[in-house]
Amino acid sequence: MSKQDNLEIKRVAGVAAAAEVQDGMVIGLGTGSTAHYAILRIGERVREEGLSVVGVPTSYQSAMRARAAGIRVVDLADVDAIDLTIDGADQVDAAFNLIKGGGAAHTREKCVAAASKRIITVVDPSKLSEQLNVPVPVEVVPYAATLIARQVEALGGVPVLREGVKKDGPVITDNGNFVFDCDFGTIADPAGVEAQLNALPGVLTCGIFTEFAEKICVLVGESSGCRTLTR
Ligand SMILES: O=C(CO)[C@H](O)[C@H](O)COP(=O)(O)O
């Protein structure tokens, strides 16, 4: 599939998710190329329909894109709860466990997910997998990076420090930390690996999301339209 076709499929999913937004809602705004299309469409609806919503961004990227789209943005601290979050994923398994963090935004994405009543995960079909098997992003405090790399290896993972693009050296997250992409092969016990990684001193958040399956609905963009997956 061409890059253009893939973007069109992501657009289909993002636009379908934006149709679920209702007047008065507090909306969690995800990070990445698929969530971007939802942000653009919500902005259009604000302008065209007079939709009144506030957005809680999950990154500097989503905050900047939301403001540019004309969506009012507030901090997580300003809201009691989030009605609906629209966010992408790097992989979704059959039980709706997710791997997130391809954009290094998974710590804020997990906070926003935890505060959300409903989550729409917007993906293209390449993100669906029976079991999770792509590298797990792990955000770490720089001070503990070397220690954590050794501990990830002891857990059976292969950690690779994420390098910047158009920036020499490690990626620095929106929270000022490093990211290791940790390859565990096929993950038989996502909740177990998530708990082990999150328990390492100096780990801020790992990109395995296992606790939100009950409130997740997955929208899969396809060339023929959008497919909804529910558990
Ligand atoms: O977790 C994320 C950012 O941290 C993104 O949601 C994930 O990487 C998917 O991105 P895209 O929609 O561009 O494929």
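The values are calculated or read from the model by the stated rules, or taken from the named source; none is laboratory data. Values in this document were obtained by computation on a predicted structure and should not be read as measured data. Using ideal geometry, Cβ is built from the backbone for each residue, glycine included, and neighbour counts are taken over all protein chains shown. Side chains included, ligands, DNA and RNA excluded: accessible areas come from the protein's heavy atoms. Shrake-Rupley method; radii C 1.70, N 1.55, O 1.52, S 1.80 Å.
Summary table below
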| read-out | value |
| --- | --- |
| Those residues of the stretch 13-35 which are farther than 19 Å from Gln91 by Cβ, within 16 Å of the ligand (Cβ to nearest atom) and out of contact with any Pro (no Cβ under 7 Å at 6 or more places or on another chain), in sequence order | Val15, Ala16, Ala18, Ile27, Gly28 |
| Selected residue (criterion: nearest to Asn175 (Cα to Cα)) from residues of the stretch 86-107 that are more than 10 Å from the ligand (Cβ to nearest atom) and in a loop (DSSP other than H, G, I, E, B) | Asn97 |
| The one condition in (1) of a type outside the set (Phe, Trp, Tyr); (2) farther than 14 Å from Gly30 by Cβ; (3) under 14 Å from the mean Cα position of the chain (by Cα) that Thr121 fails to fulfil | (2) |
| Qualifying residue in the stretch 139-161 (condition: polar (S, T, N, Q), touching a residue at least 24 places away in the same chain (Cβ under 8 Å) and within 16 Å of the ligand (Cβ to nearest atom)) | no |
| Qualifying position, being in contact with a helix residue (DSSP H, G or I) (Cβ under 8 Å, 6 or more places away or on another chain), under 16 Å from Ile148 (Cα atoms), open to solvent by 30 Å² or more (accessible area, probe 1.4 Å) and not in a loop (DSSP other than H, G, I, E, B), among Leu204, Leu197 | Leu204 |
| Filter pass, Phe178 being touching a residue at least 24 places away in the same chain (Cβ under 8 Å), crowded, with 18+ Cβ neighbours inside 10 Å and closer than 14 Å to Phe209 by Cα | no |
| Top-ranked residue of the stretch 40-77 - restricted to ones that are β-branched (Val, Ile, Thr) and in a strand (DSSP E or B), ranked as surrounded by the most Cβ atoms within 10 Å (Cβ to Cβ) | Val56 |
